[in-house]
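These notes concern the structure reproduced below.
The values are calculated or read from the model by the stated rules, or taken from the named source; none is laboratory data. Everything numeric in this text was worked out from a predicted model, so none of it was measured. Here the Cβ positions follow ideal geometry from the backbone for every residue, glycine too, while neighbour counts run over all protein chains shown. Quick note on the areas: whole protein, heavy atoms, side chains included, nothing else; ligands and nucleic acids left out. Shrake-Rupley method; radii C 1.70, N 1.55, O 1.52, S 1.80 Å.
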Amino acid sequence: MTADLPASQISHAPLAGVIGMPIAHSRSPRLHGHWLAHYGLAGHYVPIPVMPEHLAEVLRVLPRAGFVGANVTIPHKEAVLTLADTVTDRAALIGAANTLIFRPDGKIHADNTDGYGFVANLRQNAPDWQPSLGPAAVIGAGGAARAVVASLLDCGVRELRIANRTRLRAEQIKAEFGARLVVYDWAHLGNMLEGATTVVNATSLGMQGKQPLRFPLDALSPDALVTDLVYTPLMTPFLNEAAARGCRVVDGLGMLLHQAAPGFERWFGQRPEVDDQARQVVQG
Ligand code: ATR
């Protein structure tokens with residue numbers, strides 16, 4: 001509710017935003033704007049369209065223009081790692097950052113909260129979920145999959161199966177993340193479901209306008225927790241099929257909400273709640 005603040009305070013209101021290209025359709029400004037209004041905090045969160053060749057320059061300028069940090073999205077998530085002064089271990093391991101903190105001394109700190117958002121979403125919507133109970137199956141090996149893999153290993157998953165259309169990317173993740181990973185063949189995706197207790201679609205298949213993710217689910221146990229990183233639509237064909245088999249399913253919207261919370265807290269000083277209201281705002 002910055003409109004009601006005296007001018008002196010508005011000039012000091014912290015600024016944050018999301019850096020990407022294209023950025024017009026990002027839902028982050030709506031979410032952060034909602035939280036700012038909800039908690040009555042001074043601050044603004046704006047979309048910041050930046051071409052790759054201008055990223056370094058923009059990152060140098062933003063802290064001098066009142067920005068306390070930013071989210072980073074496609075296509076800059078990898079490039080910011082080379083431009084930041086400090087990078088958290090998890091961001092380095094994932095190979096991408098989505099949250100920047102601009103320190104008072106001008107230094108840029110880069111973190112990745114995607115994995116945190118992924119796990120927080122599951123913990124919120126499936127409180128009984130026990131990651132160490134059995135193997136996890138991750139479909140996909142892009143940037144989002146890397147964050148999911150890192151967070152599942154952190155949670156104590158003992159065997160993590162991964163398959164990707166381009167097998168080499170899955171092999172690369174195994175090479176980096178270690179012995180708990182087993183690469184499965186894309187042509188026999190159904191095999192990775194045998195005994196799996198956590199199943200994740202980390203590809204973009206199932207997104208509005210794309211083909212659905214379809215493969216034999218005969219080996220899918222009704223005890224498995226199934227989740228999808230795609231959140232448009234909320235219930236993807238894959239989640240619908242899993243639900244029809246009796247599985248607990250969790251949609252991907254909560255990951256988007258939870259990954260935003262740590263940044264908001266660092267920039268604006270309040271840990272925001274991920275509740276139904278926040279979900280509605282982002283969907284609206
Ligand atoms: P993100 O950062 O969202 O993970 P990404 O790095 O482009 O985006 O990864 C997209 C994922 O969806 C990859 O696993 C990709 O498979 P490839 O590595 O083989 O490209 C997967 N994907 C996208 N379209 C696909 C399709 N038509 N069939 C199978 N997998 C697909």
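Suppose the chain between Glu194 and Ala92 were pulled fully straight at 0.36 nm per residue; how much longer would it get relative to their current alpha carbon spacing? Each step should come with its number before you reach the end.
Numbers: separation 102, 0.36 × 102 = 36.72 nm, distance 3.19 nm.
Result for the pair: 33.5 nm of gain on full extension.
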- Message: With +1 assigned to the C-beta of every Lys and Arg and -1 to the C-beta of every Asp and Glu, and no other charges, what is the dipole magnitude of the range 97-253 about the Cα centre in debye, to the nearest 20?
- Response: 280
- Task: Take the Cα coordinates of the range 223-280, assign each an equal point scatterer, and use the Debye formula without solvent to give log10 I(q)/I(0) at q = 0.19, 0.21 Å⁻¹.
- Result: -0.71, -0.79
- Query: Where Rh is the Kirkwood radius over the Cα pairs of the chain, the temperature 25 °C and the viscosity 0.890 mPa s, what D in µm²/s does Stokes-Einstein return?
  - Reply: 125
- Taking +1 at the Cβ of each Lys and Arg and -1 at the Cβ of each Asp and Glu, which of Met255, Trp186, Ala37 sits farthest along the dipole of the chain towards its positive end, judged by Cα position relative to the Cα centre? Trp186
- Task: Taking a cut-off of 28 Å between Cα atoms, list the lysines near Lys174, but don't count ones fewer than 8 places away on the same chain.
- Result: Lys77, Lys210
- Message: Can you list residues from other chains, or at least 5 along the same chain, whose modelled amide H is less than 5 Å from the amide H of Thr99?
- Response: Val72, Asp111, Thr113
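Nothing charged except the Cβ atoms of Lys and Arg (+1) and of Asp and Glu (-1): what's the magnitude of the dipole of the chain about its Cα centre? Round to the nearest 20 debye. Intermediate results must be reported in sequence, preceding the final value.
Details: 24 positive and 25 negative charges, 62 e Å.
Dipole size: approximately 300 debye.
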- Computed over the chain, the relative contact order (Cα-Cα under 8 Å, seq sep at least six) in percent reads 16
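When Rg is the radius of gyration of the Cα atoms in the range 45-127 and Rh is its Kirkwood radius, what does Rg/Rh come to? Can you show the working numbers first?
On the way: Rg = 13.6 Å, Rh = 13.4 Å.
Result for the range 45-127 is an Rg/Rh of 1.01.
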- Query: Which ³J(HN,Hα) values in Hz, rounded to whole numbers, follow from the phi angles of the range 53-68 under the Karplus curve 6.51 cos²θ - 1.76 cosθ + 1.60, where θ = phi - 60° and Gly and Pro get x?
  - Reply: 6, 9, 4, 4, 5, 4, 5, 6, 7, 3, x, 7, 10, x, 7, 9
- Query: What are the residues whose amide H is under 5 Å from the amide H of Arg161, where those residues sit 5 or more places off or on another chain and H is modelled from the backbone?
  - Reply: Ala136, Ala137, Val138, Val182
- Message: Between Ser204 and Arg271, how high is the FRET efficiency from 1/(1 + (r/R0)^6) when r is the Cβ-Cβ distance and R₀ = 30 Å? Nearest 0.05.
- Response: 0.50
- Note on the structure: Expected vector for the range 225-242, Karplus 3J(HN,Hα) from phi with 6.51, -1.76, 1.60 and θ = phi - 60°, integer Hz, x for Gly and Pro, equals 8, 10, 9, 9, 7, 5, 10, 10, x, 4, 9, 6, x, 4, 5, 4, 5, 5
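Hey, got the dipole for the range 48-160? About the Cα centre, +1 on K and R Cβ, -1 on D and E Cβ, debye to the nearest 20?
Numbers: 9 positive and 11 negative charges, 27 e Å.
The dipole magnitude comes to about 120 debye.
With a 1.4 Å probe and all protein chains left in place, how much accessible area per residue does the range 25-94 have, in Å²? Display every interim value, and only then the final one.
Working: 3620 Å² over 70 residues.
With the other protein chains kept in place, the range 25-94 gives 52 Å² per residue.
Determine Rg/Rh for the range 115-251; Rg is computed over alpha-carbon atoms and Rh is the Kirkwood hydrodynamic estimate from the same atoms.
Result for the range 115-251 is an Rg/Rh of 0.92.
Quick check: at a probe of 1.4 Å, how many percent of the accessible area of the chain sits on carbon and sulfur atoms? Before the final figure, lay out each step's value.
Working: 6880 of 13090 Å².
Solvent-exposed carbon and sulfur of the chain make up 53 percent of the total.
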